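Read the figures in this text as sums done on the coordinates, not as results from a lab. Note that this is a predicted model, so its numbers are computed, not measured. Cβ coordinates were reconstructed from backbone atoms using ideal geometry, including for glycine residues, and neighbour counts include every protein chain displayed.
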Amino acid sequence: MNKEVDDASHRAPRGGDDTEVSGLMPLGLLGKKIGMTQLFDEKGAIIPVTLIEAGPCPVIQKRTEENDGYNAVQIGFDAKPERLVNKPTAGHAKKAGVAAQRYVREFRGEETTGLNVGESLSVKIFKAGDLVDVIGTTKGRGYTSVRKRHGSKPGPLSHGSMYHNRPGSNGGSSQPARTFPGKPLAGHDGTLRVTAKNLQIVRADEEKNILIIKGSVPGANGGDVMIRKGAAKK
């Protein structure tokens with residue numbers, strides 16, 4: 001399993017109607033991380049797995065090469081109560097004939113040309129053994145020290161050193177008389193958009209809309225995730 005931290009400019013917001021527009025993305029699903037557990041294979045070995053509630057995801061909008069310059073579909077997950085939906089969002093969903101969705105993203109790719117507005121995607125598009133990429137937002141850690149944020153070593157632990165958890169020197173005195181950009185220091189940690197690549201699907205439960213994926217995925221339980229077909233081979 002590979003984990004890749006995406007550029008900060010593409011951090012995933014917590015909900016809303018922003019669309020995914022960076023790069024070519026294979027068709028996938030939106031969902032919510034339930035939590036982790038373990039299964040046993042036929043040999044009795046333990047397999048750590050993550051349960052994700054994936055779909056159903058209605059198609060809200062379709063983009064075509066002729067009108068928009070690329071092929072894509074906008075899908076949603078988790079219907080919003082009407083009292084929480086503003087008029088533009090309500091009109092957008094009404095035009096598609098679906099309920100307004102809390103979590104909306106756009107998936108690009110030639111596979112989207114066969115889909116129509118109003119249709120619904122489910123875990124049927126995946127099967128056991130498929131490799132997928134799962135995109136989520138990591139847990140927020142708040143303002144953390146340089147040791148927790150970057151894993152730096154402590155100073156001498158003897159009582160007289162009085163230098164246990166400090167960040168160390170920030171630079172020279174008269175030359176260059178400044179701290180170089182990028183120096184590991186204390187600061188905000190977590191809430192980064194991270195992609196866990198090439199995770200294997202152990203089981204797809206169509207009745208309960210549950211994907212069981214081998215390994216861990218980014219984010220806290222209850223966090224929004226995107227599941228797309230694996231874009232790279234192991």
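Going through region 177-231 one residue at a time, which ones are within 20 Å of Ser122 (Cα to Cα) and of a type in the set (Gly, Ala, Ser)?
The answer is Ala204, Gly222, Gly223, Gly230, Ala231.
Please go through region 162-189 and give me each residue that is more than 18 Å from Tyr143 (Cβ to Cβ) and touching a Phe, Trp or Tyr at 6+ places or on another chain (Cβ under 8 Å), ordered by number.
Gly171
May I ask you to list the residues in region 38-82 that are charged (D, E, K, R), outside any strand (DSSP E or B) and under 24 Å from Ser120 (Cβ atoms)?
Within region 38-82, the subset charged (D, E, K, R) is 41-43, 53, 62-63, 65-66, 68, 78, 80, 82.
Next, from what is left, pick out any that are outside any strand (DSSP E or B): 41-43, 65-66, 68, 80, 82.
Result: Glu65, Asp68, Lys80, Glu82.
Check whether at least one residue in region 187-198 is part of a loop (DSSP other than H, G, I, E, B), touching a Leu at 6+ places or on another chain (Cβ under 8 Å) and under 30 Å from Gly31 (Cα atoms), and report yes or no.
First pass over region 187-198, keeping only residues part of a loop (DSSP other than H, G, I, E, B): 190-192.
Of the ones still in play, those that are also touching a Leu at 6+ places or on another chain (Cβ under 8 Å) are none.
Within region 187-198, none of the residues are part of a loop (DSSP other than H, G, I, E, B), touching a Leu at 6+ places or on another chain (Cβ under 8 Å) and under 30 Å from Gly31 (Cα atoms).
Tell me which residues, restricted to region 131-150, are touching a residue at least 60 places away in the same chain (Cβ under 8 Å) and either in contact with a Pro (Cβ under 8 Å, 6 or more places away or on another chain) or more than 30 Å from Gly28 (Cα to Cα) (or both).
Of the residues in region 131-150, the ones touching a residue at least 60 places away in the same chain (Cβ under 8 Å) are 131-139.
Correct list: Val134, Ile135, Gly136, Thr137, Thr138.
Collect the residues in region 143-164 that are in a loop (DSSP other than H, G, I, E, B) and exposed (fewer than 12 other Cβ atoms within 10 Å of the Cβ), keeping them in residue-number order. Walk me through how you get there before you give the answer.
Keep residues of region 143-164 that are in a loop (DSSP other than H, G, I, E, B), which gives 145, 151-164.
Result: Gly151, Lys153, Pro154, Pro156, Leu157, Ser158, His159, Gly160, Ser161, Met162.
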